[in-house]
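In what follows, a structure is listed as structure tokens, so that the remarks can point back to it.
The values are calculated or read from the model by the stated rules, or taken from the named source; none is laboratory data. Since this is a predicted model, take the numbers as computed values, not measurements. Here the Cβ is made from the backbone with ideal geometry for all residues, glycine too, and neighbour counts use every protein chain on show.
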Amino acid sequence: MNSKKLFEITDQPLSLDNIAARVSRPDCGAITIFDGVVRGETVTQTGARGTDFLEYEAYAEMAEPMLARIGAEIMEQWPKVGAVSILHRIGRCEIGEASVLIAVATPHRDDGCFEACRYAIERLKAVVPIWKQENWADGQVWVEGPRQPELDLAKPELSGKSAT
Amino acid sequence: MNSKKLFEITDQPLSLDNIAARVSRPDCGAITIFDGVVRGETVTQTGARGTDFLEYEAYAEMAEPMLARIGAEIMEQWPKVGAVSILHRIGRCEIGEASVLIAVATPHRDDGCFEACRYAIERLKAVVPIWKQENWADGQVWVEGPRQPELDLAKPELSGKSAT
Amino acid sequence: MIQIKVRLFATLRQSAGWKEKTIEAPDATTIGDLLKILEQSYPTLQLTGRSLYAAVNQEYARFDQLLQPGDEVAIFPPVSGGID
Amino acid sequence: MIQIKVRLFATLRQSAGWKEKTIEAPDATTIGDLLKILEQSYPTLQLTGRSLYAAVNQEYARFDQLLQPGDEVAIFPPVSGGID
């Protein structure tokens, strides 16, 4: 975590103080940070379910540029944003550890830092090539995110085209 | 910053990793943090204005319970919130240092952590008895927040009552 | 007569030159009455014609609230914590 | 014939038992054609009837995109980074 890169896939533990330093700018007084933490318990309709740890895998050569693209989308949509940083951890993550950190710095709190931070986590979950494996005492499963129709090869019209 | 209090006025530097630990809960996977940072430059209509440092003063015996009350308001308004922490620094704060940190933990990112965090900074600025003094090379000034009519003793109808 | 503990903050504290004093006041004194007593006793403390909040025993209070013996009354300008 | 570098991730990598291979394919091969070649060569790799994304040289691509010699084609399930 000695890096000052704004967009990074790393197998090292993430630090909130470190990401805040990465987006710190003399004219920015507001930083909003989203911290995605590994949950030990998930409440479901059939009761609580336990997780032992998570394991993340990434296509890092594609994921880092995609994170940077989300940053660029934010700067375009919220032009007062001074800096964006998005860090995602890979490998084994224990309960209570951060798997993703997003920081957005703006001059004032009304300049879009909350909205942009929210936007970034939604975009990350939709398009950045990272996968999560849940591990319990009695097994493991790869989690698949919700299908994004515009990315899915299984679109009927695309399959049709290819058959010609 | 060794304290685990959720609502605290302190003259010690604030740490984001520390406040995240204060609100960490096994069933909460989403933490939103607002980090209010001392700006070195403020862009105004007449150009950039520099600040050397800020000095905060608090009525701590009242401010800490008020912070806790904002936390209680949040738990009532967003019942899925697992924990809230609000820390405010007093004394001299240098450029780039955090003067206020707000952390809200929820099970998932859609359970109100962004909205509650935003609510907390607005409420803090309106009602918590803390005052900011801006210090420049050539002087200093106490900043007065926008007047809250419901708190202001100068309300005409109240002054009128007292005169009877 | 009753005794009231008065606390001042920020610019009020600076203009008065003190932050805490015990003030003697008649029975049935309101916060408004207390402000007049303070202005008369401490001419550098300008209280009229400006926005002002008050708290009694750490709770926001109104101009016409009656004070009790031993109350702690804080008087201060509109708050400005956090960042803009 | 052209050479394509294929990369698999997550459950696809696990079911195939490899994460990276260079595949020989005819000229004018599309991603859709490549998927058929892979399924025939690696029976444990189940690609049809499921949601699947593909990227060519680190950019999302469509089923009918024509591949060029030396392209890196990644095939993977819907992404699930971050937290829920």
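Scan A:76, A:122, A:61 and give me the residue that is within 30 Å of residue D:53 (Cα to Cα) and away from chain D (no Cβ under 14 Å). Checking each option against the conditions leaves just A:76. Checking each residue in the stretch C:27-68 for being β-branched (Val, Ile, Thr) and either at pLDDT 95 or above or closer than 16 Å to residue C:10 by Cβ (or both) picks out C:29, C:30, C:31, C:37, C:44, C:56.
Among the residues of the stretch A:29-57, those that are in a strand (DSSP E or B) and touching a Lys or Arg at 6+ places or on another chain (Cβ under 6 Å) comprise A:30, A:42, A:53, A:54, A:55, A:56. The condition (being closer than 24 Å to residue A:144 by Cα, more than 10 Å from every other protein chain (Cβ to nearest Cβ) and touching a Phe, Trp or Tyr at 6+ places or on another chain (Cβ under 8 Å)) is satisfied by just one residue among D:10, D:16: D:16.
Filter the stretch B:26-51 for residues that are at pLDDT below 95 and more than 14 Å from chain C (Cβ to nearest Cβ) and give the result.
Residues satisfying the conditions are B:26, B:27, B:45, B:46, B:47, B:48, B:50.
Considering only residues in the stretch B:64-73 that are more than 9 Å from chain C (Cβ to nearest Cβ) and out of contact with any strand residue (DSSP E or B) (no Cβ under 6 Å at 6 or more places or on another chain), the one that is nearest to residue A:107 (Cα to Cα) turns out to be B:70. In the stretch D:11-36, the residue that is nearest to residue D:65 (Cα to Cα) out of those that are crowded, with 17+ Cβ neighbours inside 10 Å and small (Gly, Ala, Ser) is D:32. Go through the residues of the stretch D:30-49 one by one and say whether even a single one is β-branched (Val, Ile, Thr), under 23 Å from residue A:57 (Cα atoms) and either in a loop (DSSP other than H, G, I, E, B) or free of Cβ contacts under 8 Å to residues at least 40 places away in the same chain (or both). Yes, the stretch D:30-49 contains at least one residue that is β-branched (Val, Ile, Thr), under 23 Å from residue A:57 (Cα atoms) and either in a loop (DSSP other than H, G, I, E, B) or free of Cβ contacts under 8 Å to residues at least 40 places away in the same chain (or both).
Looking only at residues of the stretch A:1-43 that are free of Cβ contacts under 8 Å to residues at least 60 places away in the same chain and within 26 Å of residue C:84 (Cβ to Cβ), we find that the one that is surrounded by the most Cβ atoms within 10 Å (Cβ to Cβ) is A:18.
Checking the structure you have, find out if any residue of the stretch B:56-73 is in contact with a His (Cβ under 9 Å, 6 or more places away or on another chain) and among the small types (Gly, Ala, Ser). Yes, there is a match, as at least one residue in the stretch B:56-73 is in contact with a His (Cβ under 9 Å, 6 or more places away or on another chain) and among the small types (Gly, Ala, Ser). Every listed requirement among (1) out of contact with any strand residue (DSSP E or B) (no Cβ under 7 Å at 6 or more places or on another chain); (2) farther than 27 Å from residue B:22 by Cα; (3) not acidic (Asp, Glu); (4) not in a loop (DSSP other than H, G, I, E, B) is met by residue A:5 save one, (4). Exactly one residue out of A:60, A:83, A:72 is surrounded by fewer than 20 Cβ atoms within 10 Å (Cβ to Cβ) and free of Cβ contacts under 8 Å to residues at least 12 places away in the same chain, and it is A:72. Might you check whether a residue that is at the interface with chain D (Cβ under 8 Å from one of its Cβ atoms), surrounded by 15 or more Cβ atoms within 10 Å (Cβ to Cβ) and of a type in the set (Asp, Glu) occurs anywhere in the stretch A:147-160? Yes, the stretch A:147-160 has at least one match.
Conditions (1) within 13 Å of another protein chain (Cβ to nearest Cβ); (2) under 11 Å from the mean Cα position of the chain (by Cα); (3) of a type outside the set (Gly, Ala, Ser), marked per residue:
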site: C:33; (1), (2), (3): yes, yes, yes
site: C:38; (1), (2), (3): yes, yes, yes
site: C:43; (1), (2), (3): no, no, yes
site: C:48; (1), (2), (3): yes, no, yes
site: C:55; (1), (2), (3): yes, yes, no
site: C:59; (1), (2), (3): yes, no, yes
site: C:62; (1), (2), (3): yes, no, yes
site: C:65; (1), (2), (3): yes, no, yes
site: C:73; (1), (2), (3): yes, yes, yes
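Evaluating residue B:50 against the criteria (1) loosely packed, with under 15 Cβ neighbours inside 10 Å; (2) under 30 Å from residue B:106 (Cα atoms) leaves one unmet condition, (2).
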